[in-house]
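In what follows, a structure is listed as structure tokens, so that the remarks can point back to it.
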Amino acid sequence: MQTQKLVRAALIAAIYVFLVYLFAGVSFGIFQFRPAEALTLLPMIYPEAVPALFVGVFLSNVLGGLGPWDIFGGSLVTLLAAWVTYRYKHTRVAYASPIIFNAFLISIYLRVIFQVPYLLSVVGIGASQILSVLVLGIPLVRLLEKRNQSEL
């Protein structure tokens, strides 16, 4: 069972990095579309997704080129959001945490990197997160839950 969880965590991290790399042209910046953020709801189903998302974001942000703030800051914000998503699974808090934490915390350093007003950064990141988390993430979680139930 532990091996299965380790493999699943590695797969989640790898898929996150692959999706960011695939959509690299639109995965970074104030106004971005990062489909990989759909994976941020996976801690509701798989606890091992919490560290997997941290690793995936860390590696993706190394490739992203925005520097240490994004590498370390983005990874830690994701770790916090993933833990809250796991802790409050299937509540509004779980669905909102990746959106709220990213919009308000990532924007703190993105406003400095891109020299834009903080509120503009919050709106840009928030809109991106809403699209990725709610539009892509919810159907992904439902599909995986249905798949997990059929395996039982």
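When both residues are 6+ apart or on different chains and their Cβ atoms are under 7 Å apart, which pairs have a first residue that lies in the stretch 125-148 and is within 13 Å of N102 (Cα to Cα), and a second that is of a type in the set (S, T, N, Q) and crowded, with 16+ Cβ neighbours inside 10 Å?
I125/N102; I125/S107; S128/Q32; Q129/N102; V133/T40
Go through the stretch 70-88 and give me each residue that's among the aliphatic types (A, V, I, L, M) and either crowded, with 19+ Cβ neighbours inside 10 Å or closer than 20 Å to Y118 by Cβ (or both).
Those that are among the aliphatic types (A, V, I, L, M) and either crowded, with 19+ Cβ neighbours inside 10 Å or closer than 20 Å to Y118 by Cβ (or both): I71, L76, V77, L80, A81, A82, V84.
Yes or no: the stretch 28-39 includes at least one residue that is among the β-branched types (V, I, T) and either under 15 Å from the mean Cα position of the chain (by Cα) or surrounded by fewer than 16 Cβ atoms within 10 Å (Cβ to Cβ) (or both).
no
Looking only at the stretch 13-33, how many residues end up being in contact with a Ser or Thr (Cβ under 7 Å, 6 or more places away or on another chain) and either at positive phi or modelled with pLDDT of 95 or more (or both)?
Summing the residues that are in contact with a Ser or Thr (Cβ under 7 Å, 6 or more places away or on another chain) and either at positive phi or modelled with pLDDT of 95 or more (or both) in the stretch 13-33 gives 3.
If we keep just the residues of the stretch 89-118 that are farther than 20 Å from I30 by Cβ and under 16 Å from the mean Cα position of the chain (by Cα), which is surrounded by the fewest Cβ atoms within 10 Å (Cβ to Cβ)?
Once the filter is applied, the top-ranked residue is V93.
Give me the pairs: first residue in the stretch 78-89 and under 13 Å from I100 (Cα atoms) and touching a residue at least 40 places away in the same chain (Cβ under 8 Å), second residue among the acidic types (D, E) and surrounded by fewer than 19 Cβ atoms within 10 Å (Cβ to Cβ), beta-carbon distance under 9 Å, and six or more apart or on different chains, which are they?
Here the result reads none, with nothing in the stretch 78-89 linked to a residue that is among the acidic types (D, E) and surrounded by fewer than 19 Cβ atoms within 10 Å (Cβ to Cβ).
In the stretch 34-52, what residues are in a loop (DSSP other than H, G, I, E, B) and of a type in the set (V, I, T)?
Scanning the stretch 34-52 gives a single hit, I45.
The values are calculated or read from the model by the stated rules, or taken from the named source; none is laboratory data. Everything numeric here is computed off the predicted structure, so don't read it as measured data. A quick note on method: Cβ atoms are made from the backbone with ideal geometry, for glycine too, and the neighbour counts reach across all protein chains shown.
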